[in-house]
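Q: Take this structure, written in structure tokens, and hold onto it; I'll ask about it next.
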Amino acid sequence: MDLNDNVAITRSGPVQGTALALDERHQRPVTRFLGIPFGAPISGPARFAAPRPEVPWSEIRDATSYRAFCPQSVSMIGALLGARNVPGADECLNLNVWTPGTDDAARPVMVWIHGGAYVTGAGSIPWYDGHRFAANHDVVVVTINYRLGALGFLDVSAIVPDADDLAAPNAGLLDQIAALEWVRDCIASFGGDPANVTVFGESAGAFSIATLLGVPSARGLLRRAILQSGATAHISGPERASQMARAFLDELGVDPTRDGIASLGDRGIDEIIAASEAAAVTTKVPDGLPWQPSTGTPSLPQHPHDVIRSGAWEGIDVLLGTTRDEMRLFTAFDPTLRAIDADGIRQRLAGSVGPAAAEAIADAYLADHPERSAADTWSEISTDEVFRVPAHRLATALHEGGANNLWAYEFVWPTPVFGGVLGSCHALEIPFVFDNLHQPGVTMFTGDDPERQLIADLLHPAWASFARHGDPNVDASPKAPEWLSWDPDERHTLLLSATPELVSDPRGEALRRWPA
């Protein structure tokens with residue numbers, strides 16, 4: 001078979017991709033393969049079960065267009081990012097590959113895990129297009145799908161102990177593992193090096209990566225990790241997982257028995273999604289992520305934070321960080337915050353840290369900027385609580401566990417759209433990382449100032465350099481300052497903007513206010 005005809009051989013059969021045209025920003029040709037199965041359809045009894053291998057094929061399979069993504073209700077943010085559903089949701093366990101060549105070049109591999117609060121998102125969203133990474137930096141990029149909501153994170157193990165074969169706890173994580181196993185088995189045919197895999201992701205994608213570091217079967221499948229706005233803070237214990245499971249089964253009128261769980265395979269996708277969303281509303285979990293991985297299960301026996309700290313990932317290279325104003329994406333247009341005051345901040349915070357700590361933390365943040373509105377103060381507090389504090393705790397655990405290289409960043413460029421109220425909000429860095437400022441919806445999020453490209457020209461090569469070398473400095477932009485690695489004493493952090501700056505222990509005083 002002529003591999004020059006944009007054909008690659010996978011473990012299950014040959015696939016035909018598309019050669020992409022060169023343009024002024026692409027330094028080498030790229031072939032794109034879309035919608036390659038890494039698991040069998042999730043229909044009937046397989047709907048909630050652990051992923052099974054894809055069904056082999058003998059003829060060349062068309063891989064020139066995206067396939068379905070996993071069942072969900074597309075969110076407003078997802079639509080902004082360009083998410084568009086494709087029929088055939090049962091065949092959603094598929095992935096996409098961008099490569100400079102189907103040869104034996106053994107290039108670094110970057111596997112993207114999408115965000116979306118574990119209930120929305122897809123590897124086919126245009127913002128995640130890997131063309132420019134492949135063309136500009138000679139790497140192979142893979143984007144994946146995984147089951148979401150109840151389909152991905154229903155855990156009935158504590159209430160129906162004999163049903164794990166019907167409804168595998170953490171099926172969504174197992175999907176991610178299955179995709180990484182596909183990469184191990186197949187990526188050499190796409191010009192990639194299965195021994196040099198960097199897994200990167202944002203939000204729930206970063207939560208997933210941190211969680212995968214606690215999954216025994218993930219060892220050996222990745223060498224490096226980039227966590228954008230996510231750490232190990234969103235993990236359910238058995239009690240909370242059971243609460244969500246009961247709420248979901250109640251919505252469907254299903255008995256918590258093996259026969260009841262078996263009957264889930266007969267329910268329609270729309271019915272399952274509606275019940276998944278309704279259960280999320282009725283449970284009112286405090287962290288806003290009702291569906292998430294759960295511990296005490298075969299796939300995740302321990303909390304990943306403890307696994308990381310124990311040294312199980314000694315030698316791993318990790319780059320992690322946050323945006324400066326993460327929570328403004330969610331708070332800037334929240335009508336419930338228009339009248340919030342100091343007491344309201346204390347009450348909101350008390351639910352997670354307790355009344356005494358809430359009062360001390362709120363008073364300290366309010367005193368930092370007395371001229372600022374209470375809503376803006378709450379945005380900073382919640383940004384630190386949900387994103388920045390967990391990131392620092394994860395970095396500390398990685399250091400204690402013997403990570404090889406640690407690099408920390410904070411994305412601080414503020415978007416001018418909507419009068420600047422979003423600041424440097426959640427997800428803002430994504431199109432800069434991928435150098436995808438031209439993709440649908442980006443200018444609605446970033447504006448169109450020419451300064452944007454200066455920032456992409458800093459982030460894009462740094463991420464690729466890290467994937468190749470474990471060090472973002474090696475192939476960095478000449479305009480980038482030296483990026484010193486992170487340690488618990490200095491906490492070196494690169495502030496990313498059009499004028500990047502390396503600082504030591506940013507926001508250290510604020511972060512030390514939080515309970516350990």
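Q: State the extension gain, in nm to one decimal, for the chain segment bounded by Glu314 and Asp448, taking 0.36 nm per residue of separation less the distance between their alpha-carbons.
A: Details: separation 134, 0.36 × 134 = 48.24 nm, distance 4.24 nm.
Between Glu314 and Asp448, full extension yields an extra 44.0 nm.
Q: Hey, can you rank 398-405, 231-238 by average C-beta count inside 10 Å, highest first?
A: Numbers: 398-405: 18.5, 231-238: 21.2.
Highest-to-lowest ranking by the protection proxy: 231-238, 398-405.
Q: Here's something else I'd like to know. Report the full-extension gain for the segment Glu371 to Ala342: residue separation times 0.36 nm, less the Cα-Cα distance, to one decimal in nm.
A: Details: separation 29, 0.36 × 29 = 10.44 nm, distance 1.28 nm.
That works out to 9.2 nm of additional length.
Q: Output the Kirkwood hydrodynamic radius of the range 90-229, Cα pairs only, in Å rounded to one decimal. Mind showing how you got there, number by number?
A: Working: mean 1/r = 0.0651 Å⁻¹.
Hydrodynamic radius (Kirkwood, Cα pairs) of the range 90-229 is 15.4 Å.
Q: Going by a 4.7 Å Cβ-Cβ cut-off, which cysteines of the chain have no partner at all?
A: Cys186, Cys425
Q: Moving on. Along the Cα-to-Cβ line of His303, 7 Å from the Cα, sits a label point; which residues in the range 381-399 have backbone N less than 18 Å from it?
A: So the set is 385-399.
Q: Measuring from centroid to centroid over Cα atoms, what is the spacing of the range 115-180 and the range 250-282 in Å?
A: About 20 Å separates the Cα centre of the range 115-180 from the one of the range 250-282.
Q: How large, in Å, is the range 188-280 by the Kirkwood hydrodynamic radius built from its alpha-carbon pairs?
A: On the way: mean 1/r = 0.0622 Å⁻¹.
For the range 188-280, inverting the mean 1/r across all distinct Cα pairs yields 16.1 Å.
Q: With the Cα gyration tensor of the range 267-422 giving a ≥ b ≥ c as the square roots of its eigenvalues, does the rule (a/c under 1.5 for rounded; else a/b larger than b/c for prolate; else oblate) give rounded, prolate or oblate? Present the calculation step by step, with values, prior to reporting the outcome.
A: Numbers: a/c = 1.69, a/b = 1.19, b/c = 1.42.
Here the range 267-422 falls in the oblate category.
Q: Taking Cα pairs under 8 Å and at least six residues apart, what relative contact order does the chain come out at, in percent? If you can, show how the numbers build up before the last one.
A: Details: 1141 pairs, mean separation 69.9, N = 516.
Averaging sequence separation for qualifying contacts and normalising by length gives 14 percent for the chain.
Q: Now, a different point. Can you give the convex hull volume of the alpha carbon atoms of the range 379-514 per residue, in Å³? Spell out each step's value before the answer.
A: On the way: hull volume 15.7 nm³, N = 136.
Cα-based convex hull of the range 379-514, divided per residue, equals 116 Å³.
Q: For Pro506, what charge total do you get from the other residues with a beta carbon under 12 Å from its beta carbon, if Lys and Arg give +1 and Asp and Glu give -1? Don't skip to the end; give the middle numbers.
A: Working: positive: Arg324, Arg388, Arg491, Arg507; negative: Asp384, Glu410, Glu490, Glu501, Asp505, Glu509.
Around Pro506, the surrounding residues sum to -2.
Q: Among (i) 1.05; (ii) 0.94; (iii) 0.98, which is the computed Cα Rg over 2.2 N^0.38 Å?
A: (ii)
Q: Return one whole number: the accessible area per residue of the chain in Å², for a 1.4 Å probe.
A: Values: 19200 Å² over 516 residues.
Using a 1.4 Å probe on heavy atoms only, each residue of the chain averages 37 Å².
Q: Here's another thing I want to ask about it. Throw me the Rg/Rh for the range 342-454, computed over C-alpha atoms with Kirkwood Rh, two decimals.
A: Numbers: Rg = 17.5 Å, Rh = 16.6 Å.
Using Cα coordinates only, the ratio equals 1.05.
Q: Evaluate E = 1/(1 + (r/R0)^6) for Trp57 and Val503, where r is the Cβ-Cβ distance and R0 equals 51 Å; express this FRET efficiency to the nearest 0.05.
A: Working: r = 53 Å, r/R0 = 1.04.
Computed FRET efficiency for Trp57 and Val503 comes out at 0.45.
Q: What's the carbon and sulfur percent of the range 293-427's accessible surface, probe 1.4 angstrom, rounded to a whole number? Could you put the intermediate results ahead of the total?
A: Working: 2830 of 5410 Å².
Whole-percent figure for carbon plus sulfur exposure: 52.
Q: For the ranges 103-112, 346-355, what's the packing order if you count other beta-carbon atoms within 10 Å of each residue, average per peptide, and put the highest first? Show your work: numbers first, answer last.
A: Values: 103-112: 21.6, 346-355: 15.1.
Ranked from most to least packed, the peptides come out as 103-112, 346-355.
Q: What does the charge dipole of the chain about its Cα centre add up to, to the nearest 20 debye, if the Cβ of each Lys and Arg holds +1 and the Cβ of each Asp and Glu holds -1? Before the final figure, lay out each step's value.
A: Working: 37 positive and 65 negative charges, 65 e Å.
Using Cβ point charges on Lys, Arg, Asp and Glu, the chain gives about 320 debye.
Q: May I ask you to compute the full-extension gain from Asp334 to Asp363, defined as 0.36 nm times their residue separation minus their alpha-carbon distance, rounded to one decimal in nm?
A: Numbers: separation 29, 0.36 × 29 = 10.44 nm, distance 2.24 nm.
Net length gain for the segment: 8.2 nm.
The values are calculated or read from the model by the stated rules, or taken from the named source; none is laboratory data. Because the structure is a prediction, the values reported are computed rather than measured. No Cβ is skipped: glycine too gets one built from the backbone with ideal geometry, and neighbour counts run over all protein chains shown. Please note that ligands, DNA and RNA were not included when accessible areas were found on the heavy atoms of the full protein model with its side chains. Shrake-Rupley method; radii C 1.70, N 1.55, O 1.52, S 1.80 Å.
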